[in-house]
Amino acid sequence: MQIYNSITRKLETFTPIDKDTVNMYVCGPTVYNYIHIGNARPVIFFDVVRRYFEHKGYIVNFVSNFTDVDDKVITKAIEDEMTEMEVANKFIQAFYDDARRIGSSTKYLAPRVTEYMSSIISYIETLMEKGYAYQVDNDVYFRVGKIEDYGILSGRKIDDLKEGARIDVNTKKENPLDFTLWKATDVGITWPSPWGEGRPGWHTECVAMINDIFGGRIDIHGGGSEIKFPHHENEIAQNIAVHNHYIANYWMHNGQLNIDDKKMSKSEGRIILVKDLDYDYMGFRLFTLSTHYRSPINYTDEVLTNYVKEWEKVRRVYKQSFYKLDLNDALEIKGEQSPELKGIELKFMDAMDDDFNTANAITELQNLVKYTNQIVRQKDTESNLKAAIDLFETFFKILGLDPGVAKLTAQDKALYMAWNDARRNKDFDKADRLREELQDRGIL
RNA sequence: GGUCCCGUAGCCAAGUGGCUAAGGCAGCGGACUGCAACUCCGCGAGCGUCGGUUCGACUCCGAUCGGGACCUCCA
């Protein structure tokens, strides 16, 4: 399959380090608040990446961290008169709740900075020993000038960056581009270190974790495009310093989600939290997957409403087909794909193989909807209909969509039969009553 | 100021140097239907603008206008 590699800016054939395994790491959230719908985009997209690799038979080792120490967490802790740990625990729980709501798996390794403090400290010590880090007072900085490739991921040249450096002329640094590895502080939670009490800078946690968990090299590193620079650039630099090779073979960056064509902004009140999203979450998931992951996506109520409707349409025909088979006790039969279904499946997989083109994959889902709507009212289609159901389930599993349809109870079936009988007997008063009840039960 | 991305029908959104530029929503016209819902069939654009390269560009290059991102914490 082909993956667009941010570092080379090209589509490349994906070849894992170990034949059957995909090791991937996605930069996770700083847990000081509920996540907003922009945070949800990588949570959904990289979940789909994992699901697709699993569909293809790979063992996927998926890791995504929680940044539970940082200025924002500390500020929040002071504001709310809680400990940093309490703040982090609260919002990690909230994150998992939100992730589940939007259909993403939460079963993956999620290391926290606080659990990796000794690894982070020893990582910084290694950087010091190798001459890539230097101490000033009780702070430690990374010596960017020693990295030849610095800027390769974000396409920047060190000279351009120097010109652009407008703020933060920290006179303690040898070079304005040098970044903080360890920061002495007396505000909030601190840890002892060889350089004094303090806490780590943001950029070391991911490399230290990747170093511990994967040995310093992974297949895929993911995250939002806005953290390419400086965060991912700095990860690359640190890994080169320690291992003399790139940290990841493939870099994947998702585009941002805007609201009404503008970046989300808390200060301007233009922000929507996942937990406050007043729409169907599967519709939201479909919405985020309907644009190619590298493109920006614009949220408006109108567009989301469109996808919520679209999801209802998908769900309706799946449900209708599922129940039709269930009523005929045919859910366990073996499906046999018609040429049309084969074609749809093939094109879906082709789209996914093409750099996770979920937009085109969803087009195939829509084709499956149309096709199934055509066959579900015909007679003698059980085997093909079963194949259609199976294909829906395959697509749902890959995209992480859940129609929430379960087998009918005996009572439901009896009700359904009675409705059919009443209609056949033209007892429309009774039929309408039964229809209403079936609708109330969510069967029709 | 520097780096970079985007601009396809009313809306959303794929895609290609050359057959008729996918698909969805909305709209219009049909069909189906006890009523309703659902569903099915048919119908719309020449790709921001101006130049250039080319036998040929929406697709490549340049300029221009418009929108956006990053350079500073940010998924």
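The table that follows gives values for the structure above.
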| read-out | value |
| --- | --- |
| Global form of segment A:2-277, assessed from the alpha-carbon gyration tensor, a/c cut-off 1.5 | rounded |
| Candidates A:K72, A:K262, A:K347: whichever shows maximal mean-square fluctuation once chain A is modelled as a Gaussian network with Cα springs under 10 Å | A:K262 |
| Length released on extending from A:T21 to A:E437, taking residue separation times 0.36 nm less the Cα-Cα span | 144.8 nm |
| Nearest-ten-degree value, helix A:84-101 long axis tilted from longest Cα axis of chain A | 30 degrees |
| For A:R270, distant residues with modelled amide H under 5 Å away | A:S265 |
| Chain A: most fluctuating residue of A:M352, A:M85, A:M252 per GNM, C-alpha cutoff 10 Å | A:M85 |
| Dipole moment magnitude, nearest 20 debye, chain A about Cα centre, only Lys, Arg, Asp, Glu C-beta charged | 1240 debye |
| For A:I259, distant residues with modelled amide H under 5 Å away | A:M264, A:Y299 |
| ³J(HN,Hα) computed for each position of segment A:289-302 - Karplus, 6.51 cos²θ - 1.76 cosθ + 1.60, integer Hz, glycine/proline x | 8, 7, 10, 4, 4, 7, 7, x, 10, 10, 8, 9, 4, 4 |
| Separation between Cα centres of segment A:347-393 and segment A:195-253, rounded to whole Å | 40 Å |
| Helix A:358-376 vs. chain A, principal-axis angle (Cα, 0 to 90°, nearest 10) | 10 degrees |
| Local electrostatic count, A:D80, Cβ distance below 13 Å [Lys/Arg +1, Asp/Glu -1] | -1 |
| Of A:K107/A:K397; A:K313/A:K413; A:K324/A:K407; A:K157/A:K228; A:K107/A:K347; A:K309/A:K370, pairs whose Cα-Cα distance is over 18 Å | A:K313/A:K413; A:K107/A:K347 |
| Chain A, helix-only ellipticity at 222 nm - DSSP H runs n ≥ 4, -39,500 (n - 2.57), divided by all residues, nearest 500 | -15000 deg cm²/dmol |
| Contour minus Cα-Cα distance for A:I59 and A:H245 (0.36 nm per residue) | 64.5 nm |
| DSSP-defined beta bridges in chain A - what % are antiparallel, rounded to 5 | 45 percent |
| Per-residue HN-Hα couplings for segment A:422-427 [Karplus 6.51, -1.76, 1.60; θ = phi - 60°; Hz; x = Gly/Pro] | 4, 5, 4, 7, 6, 8 |
| Phi-based couplings in Hz for segment A:130-139 (Karplus 6.51, -1.76, 1.60; Gly and Pro marked x) | 7, x, 9, 9, 9, 9, 10, 6, 10, 9 |
| Three-way shape call for segment A:1-149 based on the alpha-carbon gyration tensor, with the a/c threshold at 1.5 | oblate |
| Listed pairs A:K130/A:K172; A:K10/A:K56; A:K10/A:K386; A:K342/A:K430 exceeding 31 Å between Cα atoms | A:K10/A:K386; A:K342/A:K430 |
| Amide hydrogen neighbours beyond the local backbone of A:T30, cut-off 5 Å, H modeled | A:T67 |
| C-alpha long axis of helix A:382-399 to longest principal axis of chain A, angle in ° | 20 degrees |
| Highest-first arrangement of A:404-415, A:88-99, where packing means the average Cβ count within 10 Å | A:88-99, A:404-415 |
| Within a Gaussian network of chain A (alpha carbon springs, distance under 10 Å), most fluctuating of A:L341, A:L277, A:L434 | A:L434 |
| Cα lying deepest toward the dipole's positive end in chain A, options A:T409, A:P230, A:V207, charges on Cβ | A:T409 |
| Nearest-0.05 FRET efficiency for A:I271 and A:D97, computed from C-beta distance (R0 25 Å) | 0.85 |
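Quick note: the coordinates plus some simple rules give every number you see, no bench work behind them. Everything quoted here is computed from the prediction, not taken from an experiment. A quick note on method: Cβ atoms are made from the backbone with ideal geometry, for glycine too, and the neighbour counts reach across all protein chains shown.
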